[in-house]
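Right, one structure below, let's go through it.
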Amino acid sequence: NVASQVGATVIGGGSNTAAAYYSVAMGYVNAAGAVAGANYDTVIGREAVSGRYGQLCQAGGKFTTVGDAQICRMIARKQTTDATATVMALDGGGTATATRTSIGTDRSAAFSALVVGRRVSAGGEASAAYEIKGLIKNDGGAVAFVGTPSVTVLGETDAAWDCTVNANDTTNALEILVTGAAGVTVNWVAEVTFVESAG
């Protein structure tokens, strides 16, 4: 086991690495912090790899390569103050690769997301929630949806608020975009889950 960065910890098991700031690994042949900037991440089980900021990855084995059969859970957030569609990030605002809900090369992910927003500025309570489901793939660096993702409005106090999803082929990422209203401060939080297969 190797913990090679400030605050990194390997709790137990064997052949684990924790290579990012405050990353945690436990189990067997797991790698936390596999991408620069993937801090605060956790890997558990057997042969899982984490390369995104603050995420939790779990596997029970592999097909060929460590991380080619795993699930990953991420928490994205963003604060909006206008009616512009804004991409959520794992660290709340960064643009680094590790802070995006990215999809690795030659990998497919069934994804789901629960998104909630709440007004924090004066003017009365307002809330919204959405559920997103779909399939995204990266074939040799080309990222695209397979089929059309579904976005379900679970509830909206203000119908002007919105949540959409995009496959960004430039950043190789699934983008969750949230829209509030002009002059209104909204705190947005999303739980994003990937079920990943690579080959």
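Tabulated results
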item	result
Integer Hz, Karplus 6.51/-1.76/1.60 couplings in order for the range 78-95, x for Gly and Pro	6, 10, 10, 10, 8, 9, 8, 5, 10, 6, 6, 9, 5, 10, x, x, x, 10
Coarse-grained scattering of the range 1-123 at q = 0.15, 0.17, 0.23 Å⁻¹, given as base-10 log I(q)/I(0) from a Debye sum over alpha-carbon atoms	-0.68, -0.82, -1.27
Vicinal HN-Hα couplings computed from phi for the range 170-181 (Karplus, 6.51 cos²θ - 1.76 cosθ + 1.60; Hz; Gly/Pro x)	7, 9, 6, 9, 7, 10, 9, 10, 10, 10, x, 9
Interchain or long-range residues, amide H under 5 Å from Leu135's placed H	Phe111, Val146
Taking N as its residue count, the alpha carbon Rg of the range 17-80 over 2.2 N^0.38 Å	1.07
Relative contact order of the range 3-148, pairs being alpha-carbon contacts under 8 Å that are 6 or more residues apart, as %	12
Per-residue HN-Hα couplings for the range 150-156 [Karplus 6.51, -1.76, 1.60; θ = phi - 60°; Hz; x = Gly/Pro]	9, 10, 10, 7, 7, x, 9
Under-5 Å amide H pairs with Ala173, H placed in peptide plane, nonlocal only	Ile103, Asn168
Alpha-carbon centroids, the range 138-199 and the range 1-32: separation in whole Å	30
Mean Cβ neighbour count within 10 Å, used as a protection proxy, ranking 57-68, 2-13 highest first	57-68, 2-13
Sequence ranges 41-50, 114-123, ranked by mean other-Cβ count within 10 angstrom, highest first	41-50, 114-123
Among Gly104, Asn138, Ala31 - extreme Cα towards positive end, dipole of the chain, charges at beta-carbon	Ala31
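We did not get these values from a lab; they are worked out from the coordinates using the rules stated. What you see is a predicted model; the values in this text were computed from it and never measured. We place every Cβ from the backbone using ideal geometry, glycine too, and count neighbours over all the protein chains shown.
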